[in-house]
Amino acid sequence: MANVQQDQIQKHLISVLMENEAGSLSRVVGLFSQRGYNIDTLNVAATEDPTLSRLTLTTITTSDKIEQITKQLHKLIEVVKVQNLSEVSNGNQIERELMLIKVRAVGACREEVYRTADIFRAQIVDVSANLYTILITGDTGKLDGFIDVIGRDKILEVVRSGVIGIARGERTLAV
Amino acid sequence: MSGAELLVQALVDEGVTHIFGYPGGAVLHIYDALFKQDKIEHILVRHEQAAGHMADAYSRVTGKTGVVLATSGPGVTNTVTAIATAFMDSIPMVVLAGQVPTTLIGDDAFQECDMVGISRPVVKHSFQIRNPADIPTIIKKAFYIASSGRPGPVVVDIPKDMTNPADKFDYVMPNSVSLRSYQPTSKGHGGQIKKAIDVLLSAKRPVVYAGGGVVQGDGCDKLRELADLLNLPVTNTLMGLGAYPATSRQFLGMLGMHGTYEANMTMHHADVILAVGARFDDRVTNNVKKFCPNAQIIHIDIDPTSISKTINAHIPIVGDVKFVLAEMLNIIKGGDRRLDDKALADWWKQILEWRARHGLRYDPDTDAPIHAIMPQRVVETLYKLTDGKAIITSDVGQHQMFAALYYKYDEPRQWLNSGGLGTMGVGLPYAMAAKLAYPERTVVCITGEGSIQMNIQELSTCLQYNLPVKILNLNNAQLGMVKQWQDMLYEGRHAQSYMQSLPDFVKLAESYGHKGVKITNPATMEQELKQALEMDGLVFIDVYVDKSEHVYPMQVAGQSMRDMWLSKGERT
């Protein structure tokens, strides 16, 4: 943007409350792809009000671009509210991601994987003779850390949910 | 009522008097319902793209929401260019899209097409009817969304079984629409308006930069009042032409890529820019990094995403231009503070010097018959012969810029053009819709031989509905603007910019039952043009103009507002 200081690229966690209708999600996704922005993670589900969905996404971009993105999100007819959680919480929002990870666990490392899961407060949700399937929740850093500690050579499969987030304290995103 | 009857009744209740469309299997129930009533006239085009452009133009010229009806599959995909054109220029339009029955959706049925998906990037919103009883409510919502806030096109996808005549429903039309997720702002923020007034009245070198939003938002009267009260210089975008009277001393002409010297110079040297309903399009700003380095920018726009998108606004005001300008006027008129007279006088002195240096001059064609007709003179002559009162439509290319620069538009909605998308082929359908809306007015489509051929089949529609528009073809036998760029940027390599197999437009017009006139001599051009304009019915006026002429001024690409070519050999 002209005469606006270009700032650093950083991750933004965006929450969107929108009508729970066919086509709402595709409009949000389409808005990003039309403008060449990448969505890194995306979650959407109905809220306590079944007519409303809450969508959470993460994207990595500059603050001037994210301002334009949030304005464009506001413009969508189905979108009720938009919040840049990273901005309103000053980076101190509560974030959680869920990961299921299938790990080879044989011989001596079987016990080591078990202990590591315990340290990370993960749960072993499926066991076979050679494998553990582990469920772990936390912020992205914790999940990345778990993968590093387990060791990539032991990992057979990983499925991650992407981030959901909520502001700390009294601040809410509601109609 | 059947779903089709619900639809027609809802359209009647929305005040629709004209629908532009083309029938097909998926919409035959709707056509049957239209046949049985007399409140809405259906205009049968020859190609759905033209239906879309006509609906768009009907809206541009009347301020009402235009309506298109097209059948499923290729019928409605043919409207996509028109939808995108309306979207880019914020024109309210409702597109009724036929769809295969719900039982077949997803089966790759004959003429099935995901129109909601295809059109998504170029619509303000879209609906698909899933229950016929919802039709009146959805139509109400579609018109409300299309015409409120920043206007735009809305698609309503209608599966055929939703209009089945055998299924009957009660007609329940809501009185109003309330959408919790859509509440456009109309009034601007009071504090921001006061700040804007402070900055504006402190200016030494102010300028008003007004766009199509002033026309669409019916803010022209307020803009004129404000500019005249403060003696402000005014420049309009291509879309804003007519928002401020072109014959006013305070009007600088259009700005931007082919803007006037005085408009671009005034913008570049301004210390305060009052941007109203304009979006700092790249065809206006040139290089954004070099844009108006000393200006504080006040930006009024109904769409917050248009503010600070490319150029940072120092004082953003989100709101309807009509309301915001009225509020500014109330405050200014209520006080006794005005601009610094001495500074303003100096500023005007400077502007008049710029005006004197280059007032849209061009080489004359008085050495007839040696020289060809100059296109600029054709447009100036048209202006004189129509007393400046005609509704002018234009296509896209060199002729468009000549039409924008050399005809003076004193009234809003007098100039109809595709500004944002730059769609070749709009000129004739736009003229047809304008003539339909205002049969008593002279309507002229200024076009080129490239553009006119993109929807020339609509000469047949003109015959059917007796639409006596005048088509002024500035014929240089080549894609003029493409060739100009190739001359200036590609060392004269004219790749595919020739039209080497042009039809005889006079005979073509005659074959459709119209009249045609060919003009080739500069000496007799004015007289022949006058006679052609006075003829009854549609007249295709094919004027052979200078093939080598370029549009000037032209900004130097990648530079500031003030860096311009003033002629082939002269730069600022």
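The values are calculated or read from the model by the stated rules, or taken from the named source; none is laboratory data. Keep in mind the model is a prediction, meaning the values are calculated, not measured. Every residue, glycine among them, receives a Cβ derived from its backbone with ideal geometry; neighbour counts consider all protein chains shown. Ligands, DNA and RNA are stripped out before the accessible areas are found, and what is left, the full protein with its side chains, is counted by its heavy atoms. Shrake-Rupley method; radii C 1.70, N 1.55, O 1.52, S 1.80 Å.
Key figures for this structure:
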| item | result |
| --- | --- |
| Odd one out for B:Ile307 among (1) touching a residue at least 40 places away in the same chain (Cβ under 8 Å); (2) within 14 Å of chain A (Cβ to nearest Cβ) | (1) |
| Lone qualifier among B:Thr79, B:Thr65, B:Thr102 - being without any contact (Cβ under 8 Å) to a residue 60 or more places away in the chain, of a type in the set (Val, Ile, Thr) and either within 13 Å of chain A (Cβ to nearest Cβ) or open to solvent by less than 50 Å² (accessible area, probe 1.4 Å) (or both) | B:Thr79 |
| In region A:141-153, the residues that are open to solvent by less than 40 Å² (accessible area, probe 1.4 Å) and either assigned to a helix (DSSP H, G or I) or of a type in the set (Lys, Arg) (or both) | A:Leu143, A:Gly145, A:Phe146, A:Ile147, A:Ile150 |
| The one condition in (1) surrounded by 15 or more Cβ atoms within 10 Å (Cβ to Cβ); (2) of a type outside the set (D, E, K, R); (3) within 19 Å of the chain's Cα centre (by Cα); (4) modelled with pLDDT of 90 or more that A:Tyr37 fails to fulfil | (4) |
| Out of B:Leu428, B:Leu472, sole residue that is open to solvent by less than 20 Å² (accessible area, probe 1.4 Å), out of contact with any Lys or Arg (no Cβ under 9 Å at 6 or more places or on another chain) and in a helix (DSSP H, G or I) | B:Leu428 |
| Pair list, Cβ < 8 Å and 6+ apart or interchain, from region B:31-53 residues that are over 25 Å from B:Ser418 (Cβ atoms) to residues that are buried (at least 20 other Cβ atoms within 10 Å of the Cβ) and among the small types (Gly, Ala, Ser) | B:Asp32/B:Ala4; B:Ala33/B:Ser2; B:Ala33/B:Ala4 |
| Those residues of region B:150-166 which are within 14 Å of another protein chain (Cβ to nearest Cβ) and open to solvent by 10 Å² or more (accessible area, probe 1.4 Å), in sequence order | B:Arg150, B:Pro151 |
| Filter result for B:Gln111 (within 13 Å of chain A (Cβ to nearest Cβ), open to solvent by 40 Å² or more (accessible area, probe 1.4 Å) and within 21 Å of B:Gly52 (Cα to Cα)) | no |
| Subset of region B:310-339 [within 14 Å of chain A (Cβ to nearest Cβ) and either among the aromatic types (Phe, Trp, Tyr) or farther than 18 Å from B:Ser186 by Cα (or both)] | B:Thr310, B:Ile311, B:Asn312, B:Ala313, B:His314 |
| Helices (runs of 4 or more DSSP H) (entirely within region A:21-97) containing at least 3 residues that are within 13 Å of another protein chain (Cβ to nearest Cβ) | A:24-34, A:63-75 |
| Residue count, region B:107-155 (criterion: among the β-branched types (Val, Ile, Thr) and within 22 Å of B:Met88 (Cβ to Cβ)) | 7 |
| Residues within region A:9-31 that are open to solvent by 10 Å² or more (accessible area, probe 1.4 Å) and polar (S, T, N, Q), tallied | 3 |
| Verdict on B:Leu238 being over 24 Å from B:Ala345 (Cβ atoms), open to solvent by 10 Å² or more (accessible area, probe 1.4 Å) and either outside any loop (DSSP other than H, G, I, E, B) or more than 14 Å from chain A (Cβ to nearest Cβ) (or both) | yes |
| Top-ranked residue in region B:127-137 [being within 27 Å of B:Arg60 (Cα to Cα) and surrounded by 23 or more Cβ atoms within 10 Å (Cβ to Cβ); ranked as farthest from the other protein chains (Cβ to nearest Cβ)] | B:Pro136 |
| Number of the condition not met by B:Thr185 [criteria: (1) of a type in the set (S, T, N, Q); (2) touching a helix residue (DSSP H, G or I) at 6+ places or on another chain (Cβ under 7 Å); (3) farther than 19 Å from B:Phe280 by Cβ; (4) open to solvent by 10 Å² or more (accessible area, probe 1.4 Å)] | (2) |
